[in-house]
Amino acid sequence: MFATTRPSGTTQEVYRELCRQARGLFDGERDAIANAANLAALLYGGLAGVNWAGFYFLKGEQLVLGPFQGNPACVRISVGTGVCGTAAHRKEAIVVTDVAKFSGHIACDSASRSEVVVPLLLHGRLLGVLDLDSPELDRFREEDRTGLETLAALWVESSDPL
Ligand code: SME
């Protein structure tokens with residue numbers, strides 16, 4: 001078992017520490033699923049106010065559920081649909097301050113109030129998305145987006161393509 005502690009401090013300090021812990025977890029391991037599973041667990045346990053953290057991987061025109069922490073979730077999301085599919089289509093991160101106001105939001109957990117989705121990109125090619133939900137409105141800010149983009153890039157560079 002690897003002991004990880006929930007980091008404290010400013011948002012930037014929290015993500016700096018999460019990156020340090022992620023590097024430790026990925027060290028010597030290039031299996032994409034194993035590294036995704038550990039990153040999902042690290043984010044779920046390491047960030048306050050998060051009720052779902054996990055991966056969807058691109059298979060054809062659909063995003064298919066990967067490793068995650070939280071309640072069971074919808075398995076397949078078409079690219080262009082919901083927050084995940086929109087971020088995948090745009091190949092851009094999306095921060096949703098209130099999911100009720102995002103037209104087409106897919107409610108996997110009725111407790112979720114805000115969400116952030118970051119694309120997983122390998123030299124511009126979409127591999128999937130990293131998705132985090134919160135039961136709090138307006139939980140995710142710009143610094144969360146940049147912190148999660150850094151962690152997503154770290155997962156991509158640390159893992160062999162699926
Ligand atoms: N809310 C997402 C679906 C995935 S769950 O949040 C885990 C969406 O609208 O794409």
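Coordinate-derived values only; no laboratory data. Quick caveat: nothing in here was measured; it's all calculated off a predicted structure. Neighbour counts run over all protein chains shown; Cβ positions are idealised from the backbone, glycine included.
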Pull up segment 58-69, narrow it to residues that are surrounded by 14 or more Cβ atoms within 10 Å (Cβ to Cβ) and more than 11 Å from the chain's Cα centre (by Cα), then point me to the one that is farthest from the ligand (Cβ to nearest atom). 58
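Yes/no per residue for (1) away from the ligand (no atom under 16 Å from the Cβ); (2) touching a residue at least 60 places away in the same chain (Cβ under 8 Å); (3) buried (at least 17 other Cβ atoms within 10 Å of the Cβ):
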position	(1), (2), (3)
44	no, no, yes
50	no, yes, yes
90	no, no, no
101	no, no, no
Give the residue that is nearest to residue 53 (Cα to Cα), with candidates limited to residues of segment 26-42 that are surrounded by 18 or more Cβ atoms within 10 Å (Cβ to Cβ) and aliphatic (A, V, I, L, M). 40
Kindly establish whether residue 80 is surrounded by fewer than 18 Cβ atoms within 10 Å (Cβ to Cβ) and over 22 Å from residue 136 (Cα atoms). yes
May I ask you to verify whether residue 109 is of a type in the set (Asp, Glu) and more than 16 Å from residue 57 (Cβ to Cβ)? yes
